[in-house]
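Structure first, then comments.
The values are calculated or read from the model by the stated rules, or taken from the named source; none is laboratory data. All figures in this text were calculated on a predicted structure; none of them were measured in a lab. Side chains included, ligands, DNA and RNA excluded: accessible areas come from the protein's heavy atoms. Shrake-Rupley method; radii C 1.70, N 1.55, O 1.52, S 1.80 Å.
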Amino acid sequence: MKKWLTTSGCTIYHITQGTSNSYLVLDGDDSVLVDTGYRRSRDTLREKLDDLLGGRDLSWLVLTHTHYDHAENAAMVKKHYNARIVVHKDGAEHLKQGCSPIPCGTNLITRLLVGVGRKINRISRYESANPDILVDDNYHLTPHSYLLHTPGHTEGSMSLIVDGEVALVGDAMFGVFSWSIFPPFANDVPTMKKSWNKLIKTGCAIFLPGHGTPNSRELVIKQCEKYEGTV
């Protein structure tokens, strides 16, 4: 599986991939799973976690936000790996209910899809879970990582910054197209663009999205410049 190693020795593993990514961060004795992917990826998720954790508990499960494609395995991970769930305070109730509203579309096609999706909202339901730690703005998680509030896709979106080198950004940006980081869904596009600038200021060189492949610092900067001043 693909992995990234930071200067201080943190290792980031790409656990599930394809339509929804999840990552495992190992920082000394601390282990952090970032997002859980779809329920259909559960077997792969457990196989890789079992291998990498070697029978140890998982320290933390960070949900970058509480949409079903990121949280469908949250309850299982908490129970099976004795993990503490960390979520932004604005997503806590959605996690407890096991249902997070579908965000707004950012183009004609996704706006139409959202209109249909809201009529059949049951697709966004998943097994509920109780969060253990609620984050507001920033939260120091492990010796070499912290959580940064990066709203826009949702009000409660956040990113994990590892060693000031790698940012795990959820759906704050996409990695589906090599020329664009613009997500097809976002509730607040102007705020999302501000979050991109916050992420650039972390100094990170690599941005790992919830969907698609890694984005380079150069691409993120170009996208910020492209959309600067637009809504």
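Taking the square root of 5 times each eigenvalue of the Cα gyration tensor, what semi-axes in Å does the equivalent ellipsoid of the range 7-108 have, largest first? List each step's numbers first, then the result.
Values: eigenvalues 110, 44, 38 Å².
Gyration-tensor ellipsoid for the range 7-108: 23, 15, 14 Å.
Sort all Cα-Cα distances of the chain into consecutive 5 angstrom bins from zero, then give the percent of pairs in each bin up to the one containing the longest distance.
That works out to 1, 7, 15, 21, 22, 17, 11, 5, 1, 0, in percent per bin.
If you count only protein heavy atoms with a 1.4 Å probe, what accessible area per residue comes out for the chain, rounded to a whole Å²? Please list the in-between numbers first.
On the way: 10590 Å² over 231 residues.
On a per-residue basis, the chain sits at 46 Å².
Step through the table entries K2/K193; K48/K89; K201/K222, compare each Cα-Cα distance with 21 Å, and write down the pairs that go over it. List each step's numbers first, then the result.
Working: K2/K193 28 Å; K48/K89 29 Å; K201/K222 14 Å.
Pairs exceeding 21 Å: K2/K193; K48/K89.
Sequence-distant or interchain residues sharing an amide H contact under 5 Å with R84, placed H: which?
Those lying under 5 Å, H to H, from R84 are W60, L61.
Could you give me the percent of Cα pairs per 10 Å distance bin for the range 123-199, shortest bin first, beginning at zero and ending with the bin that holds the maximum distance?
18, 44, 32, 6
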